[in-house]
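Participant: Before I ask anything, here is the structure I am working with.
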Amino acid sequence: MQVRSQISMVFHLDKCIGCHTCSIACKNIWTDRSGTEYMWWNNVETKPGTGYPAQWEDQDKFAGGWEKKGDEISLRSTDKKRIVPNIFHNPHMPSMDDYYEPWTYDYQNLFNAPEGPDQPTARPISRVTGEYIDIESGPNWDDDLGGSKIYAANDPNLKGLSPDQRQQLSAIERLVFFYFPRICNHCLNPACVASCPSGALYKRGEDGIVLIDQKRCRAWRSCVAACPYKKTYYNWHTGKSEKCILCFPRLETGQAPACFHSCVGRIRYLGVLLYDAEKIEHIAKLPDSELVEGHRSMILDPNDPEVIESAKKCGIHDAVIDSAQKSPVYKFVKEWKVALPPHIEYRTLPMLFYVPPMSPVMSQQNGDTVDHLNNGFFHDIESSRVPMKFLANLFGAGHESKVAYALKKQKAVRWYRRAMTVGDIDMATAHKMLQAADCSVEEAEALYRLTSLCTFDDRFVIPPAQREEAIEMMKDPHEHRQSVGFGFSSGSRRGL
Amino acid sequence: MNDVTSLERIQSWVESEGWAAILAALLLVVVGVSPARAESPEDFFRQNCASCHTIGGGRLVGPDLKNVGQRQEGEWLVGFILNPQARINSGDPYAQQLLDEARGVVMPTVPGISRARAEALLTMIAEQSAMERSEFAGSKISDRPFTEDDVRMGREIFIGRNRLAAGGPACASCHTVNGLGGLSGGRLGPDLTKVYERIGSRPALAAWLQGPATTTMRPVFAGHPLSDDEILSLVAFFENAARAADDDSTVPLLNFFLMGLLGTALALAILDGIWRRRFRAVRRPLVDAS
């Protein structure tokens, strides 16, 4: 058993209100520099929708992630054979138009415009060329189903839905959408790391954060093509690629990443998971239907004495193990099994998990009043407004059982709490539902508390950074002792 | 095994003789590759002069040199041999007359010529002139009329389908002639369509082919002389080419250009076909399709 620790995340989609506060927090801290204007390390998408960049989930087009061929898996984009002929032109690169052309507005014109018959306007200016542009798309152009006929209708997750189901998704009074906030998944089998010809990407040993070494990056942009989630971006100003760093400078000082910290809906949870690194290769090669369960099976019980002993042997600090035992992520993913990895079929083994959303309550106008439909507040999961197949394409590699399990448990907890607090539901029925959903009363309480009443410290269990020990994996901490004094630290520049 | 022993021998030799041996070896190498090595005037004439001049065999490109010493004084001749162009430029009337007789072909400055060598050549020419029949009395090329077979054979030799017996490279690797078809020959050397007319006669061209004297061709063919049969065929081919030549030699050039253009377009079309499903854009087609 090769135990490693990974800072993992859970996004509770049932709580996301799509306010984009996370995106703004991230942008203000990390990507407001020249060359990064178009990057959104954190972005919030509306589903159904094509997302950012457009249709990133369609790997027939973008060729991201891993592909299973027989018993082996290989990168879809540029494997070792194809990287040589394609090294100067990666054939699967998203264009600027697929992201969007970043812009600002000509605000000065509001002050400086000569007097005239009309109000002055602030025309949009490209932040790439500096010219006036007509805005054609943006990073959340399809927000709240904007441009549905183009964007929502072309969501790759609609694959396998009947024409009826598709039609109902956008039908009046049945129309439905939910939000899908995304950051880098800090995968266990990252395609970006595997694809880099310069070896500039690496997964940090002590906490599993995937980073790009700005000094070793040679702008091949293989990572941009290889990442199936399109979460590495090319900075045209520095000539290097960049990605979400999970705010490691904040994590190392015990603060939650900016997007987590600022989340208004408190949908984000962060904690350490212990996993067995020996299993990565085997799990990444499982057939689609076994991937979710296989991925979950890699995560080790931090309370198991055997695991603790192995973890210590593998150099994991007691404080990290202690933190893993309190991890909210472990509860959501492993204990309650309500959080699922996004698009596990890309086989990168993402370590960001999503609690699938319950569909909104359906209502109908009756004269002057708006009533809920017959099936009440807590509709039948199988006839959910967001088709199960759609969620399964997102979170279950196309297989519905795991998604259905998570939704059923959430529904049972709702019934149970309704019986408890309002009392219009029979407690016996609620218990029966809990039982059917494989959920004990204690579990239901805990799930309810961590979902609804969670404090800051419940949501973010950040292990104390052991940088002084972690750095010993890479270099001798005494290397420069007594040899350097004052000096300069250099920023990254284009070229060698 | 053999290599090792010879290496050991060299080593022991170097050790025993020391630096002097190394210097001697270096000197040997320098002298060995030097073009100024001793050579009889006859050999020099054969290699450098005989392609244009005979001694008692009549005019080729240049005049017959029999009794040349009686036509001009020695000093004038030496000066002309050392630098023909300069003598012509000086406005010398006799040099101008020679140029006119050679129909404007200026005698090239012979590589490796020196005053001593020029004088030796003149002495040799005087000796040869006194003979009944000089060994440089012209080529032995047959003067029978050329047949279709000769022309066909010459063509085969020119394009390299029939290899030169002594192993020289085919003419088409550097030269071309109108009407070769396909991509025709090379463009490194001059177009030889009208070479027969330029050189002027069968013996002149044959003499040229016997020992090509230009700085480019001389080293290439020095070790690989053409046989008499090959020369006959080639002369027949050149004679035929000059006669049949279309006056407009830009046609093959234009064809070549057009074929290149067409080929490029075809290659691009094929590449576009092979990669027709390549990734172009995602969002734009979605918008356009709606």
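FYI, it's all coordinate maths here, none of it is from the lab. This is a predicted model, so every value here is computed, not measured. All Cβ positions, even for glycine, are placed from backbone atoms using ideal geometry, and neighbour counts span all protein chains on display.
Participant: Counting just the residues of segment A:80-103 that are acidic (Asp, Glu) and crowded, with 19+ Cβ neighbours inside 10 Å, which one comes out nearest to B:Arg277 (Cα to Cα)?
Facilitator: In this case the residue turns out to be A:Asp98.
Participant: I'm trying to understand the selection: among the residues of segment B:148-167, which are surrounded by fewer than 20 Cβ atoms within 10 Å (Cβ to Cβ) and either among the aromatic types (Phe, Trp, Tyr) or part of a loop (DSSP other than H, G, I, E, B) (or both)?
Facilitator: B:Gly160, B:Arg161, B:Asn162, B:Arg163, B:Leu164, B:Ala165, B:Ala166, B:Gly167
Participant: Out of the strands (runs of 3 or more DSSP E) lying entirely within segment A:216-295, which hold 2 or more residues that are among the basic types (Lys, Arg) and touching a Lys or Arg at 6+ places or on another chain (Cβ under 9 Å)?
Facilitator: Result: A:240-243.
Participant: A further question follows. Just a yes or no: is a residue in segment B:145-160 more than 25 Å from B:Met259 (Cβ to Cβ) and of a type in the set (Gly, Ala, Ser)?
Facilitator: The answer is yes, given that some residue of segment B:145-160 is more than 25 Å from B:Met259 (Cβ to Cβ) and of a type in the set (Gly, Ala, Ser).
Participant: Can I ask one more? Could you check A:Gln59 against (1) out of contact with any Asp or Glu (no Cβ under 9 Å at 6 or more places or on another chain); (2) away from every other protein chain (no Cβ under 11 Å) and say which number it fails?
Facilitator: Condition not satisfied by A:Gln59: (1).
Participant: Only residues that are of a type in the set (Ser, Thr, Tyr) and farther than 18 Å from A:Ser327 by Cα: list them for segment A:266-307, please.
Facilitator: A:Ser289
Participant: Going through segment A:302-316 one residue at a time, which ones are in contact with a strand residue (DSSP E or B) (Cβ under 7 Å, 6 or more places away or on another chain), in a loop (DSSP other than H, G, I, E, B) and over 19 Å from A:Val461 (Cα atoms)?
Facilitator: Within segment A:302-316, A:Cys314 is the sole residue that qualifies.
Participant: Still on this structure, I have one more. For A:Gly64, are the conditions met, namely being crowded, with 23+ Cβ neighbours inside 10 Å, in contact with a His (Cβ under 8 Å, 6 or more places away or on another chain) and either among the aromatic types (Phe, Trp, Tyr) or within 14 Å of chain B (Cβ to nearest Cβ) (or both)?
Facilitator: Yes: the conditions hold for A:Gly64.
Participant: Considering each residue of segment A:143-161, count those that are within 17 Å of A:Phe62 (Cβ to Cβ) and either within 12 Å of chain B (Cβ to nearest Cβ) or touching a strand residue (DSSP E or B) at 6+ places or on another chain (Cβ under 9 Å) (or both), and give that number.
Facilitator: So the count comes out to 5.
Participant: Now, a different point. With the condition kept exactly as written, say whether any residue in segment B:125-147 is assigned to a helix (DSSP H, G or I) and within 22 Å of B:Arg202 (Cβ to Cβ).
Facilitator: No, that holds for no residue.
Participant: Please pick out the residue among A:Ala397, A:Ala392 that is in a loop (DSSP other than H, G, I, E, B), within 17 Å of A:Tyr354 (Cβ to Cβ) and in contact with an Asp or Glu (Cβ under 8 Å, 6 or more places away or on another chain).
Facilitator: A:Ala397
Participant: For A:Glu136, are the conditions met, namely being within 14 Å of chain B (Cβ to nearest Cβ), loosely packed, with under 14 Cβ neighbours inside 10 Å, touching a residue at least 24 places away in the same chain (Cβ under 8 Å) and out of contact with any helix residue (DSSP H, G or I) (no Cβ under 6 Å at 6 or more places or on another chain)?
Facilitator: Values: within 14 Å of chain B (Cβ to nearest Cβ): yes; loosely packed, with under 14 Cβ neighbours inside 10 Å: yes; touching a residue at least 24 places away in the same chain (Cβ under 8 Å): yes; out of contact with any helix residue (DSSP H, G or I) (no Cβ under 6 Å at 6 or more places or on another chain): yes.
Yes.
Participant: Then there is this: Go through (1) within 14 Å of chain B (Cβ to nearest Cβ); (2) touching a Phe, Trp or Tyr at 6+ places or on another chain (Cβ under 7 Å); (3) in contact (Cβ under 8 Å) with a residue 24 or more places away in the chain for A:Ser126 and report which single condition fails.
Facilitator: (1)
Participant: For segment A:68-107, give me the residue count where each residue is more than 14 Å from chain B (Cβ to nearest Cβ) and free of Cβ contacts under 8 Å to residues at least 12 places away in the same chain.
Facilitator: From segment A:68-107, those more than 14 Å from chain B (Cβ to nearest Cβ) are A:68-75, A:79-81, A:83-84, A:87-88, A:102-107; that's our starting set.
From what is left, the residues that are free of Cβ contacts under 8 Å to residues at least 12 places away in the same chain are A:69-70, A:74, A:79-81, A:84, A:88.
Residues in segment A:68-107 being more than 14 Å from chain B (Cβ to nearest Cβ) and free of Cβ contacts under 8 Å to residues at least 12 places away in the same chain: 8 in total.
Participant: If you check A:Ile24 against the conditions, is it away from chain B (no Cβ under 14 Å), crowded, with 16+ Cβ neighbours inside 10 Å, not small (Gly, Ala, Ser) and not in a loop (DSSP other than H, G, I, E, B)?
Facilitator: The answer is no for A:Ile24.
Participant: Keeping to segment B:90-129, report how many residues are under 22 Å from B:Gly57 (Cβ atoms) and polar (S, T, N, Q).
Facilitator: Final tally of qualifying residues: 4.
Participant: Quickly run through segment A:435-464 and pick out the residues that are surrounded by 12 or more Cβ atoms within 10 Å (Cβ to Cβ), hydrophobic (A, V, I, L, M, F, W, C) and under 23 Å from the mean Cα position of the chain (by Cα).
Facilitator: If the condition is that a residue be surrounded by 12 or more Cβ atoms within 10 Å (Cβ to Cβ), hydrophobic (A, V, I, L, M, F, W, C) and under 23 Å from the mean Cα position of the chain (by Cα), then A:Leu447, A:Leu450, A:Cys454, A:Phe460, A:Val461, A:Ile462 are the ones that fit.
Participant: What helices (runs of 4 or more DSSP H) completely inside segment B:173-290 contain at least 1 residues that are at negative phi and within 14 Å of another protein chain (Cβ to nearest Cβ)?
Facilitator: B:250-274, B:283-289
Participant: Just the residues that are within 26 Å of A:Gly208 (Cβ to Cβ) and of a type in the set (Gly, Ala, Ser), please, taken from segment A:7-24.
Facilitator: A:Ser8, A:Ser23 - these are the residues of segment A:7-24 that are within 26 Å of A:Gly208 (Cβ to Cβ) and of a type in the set (Gly, Ala, Ser).
Participant: Residue by residue through segment A:417-434, note down the ones that are surrounded by 11 or more Cβ atoms within 10 Å (Cβ to Cβ) and free of Cβ contacts under 8 Å to residues at least 24 places away in the same chain.
Facilitator: Within segment A:417-434, the subset surrounded by 11 or more Cβ atoms within 10 Å (Cβ to Cβ) is A:417-420, A:425-427, A:429-434.
Hits for segment A:417-434 are A:Ala419, A:Met420, A:Ile425, A:Asp426, A:Met427, A:Thr429, A:Ala430, A:His431, A:Lys432, A:Met433, A:Leu434.
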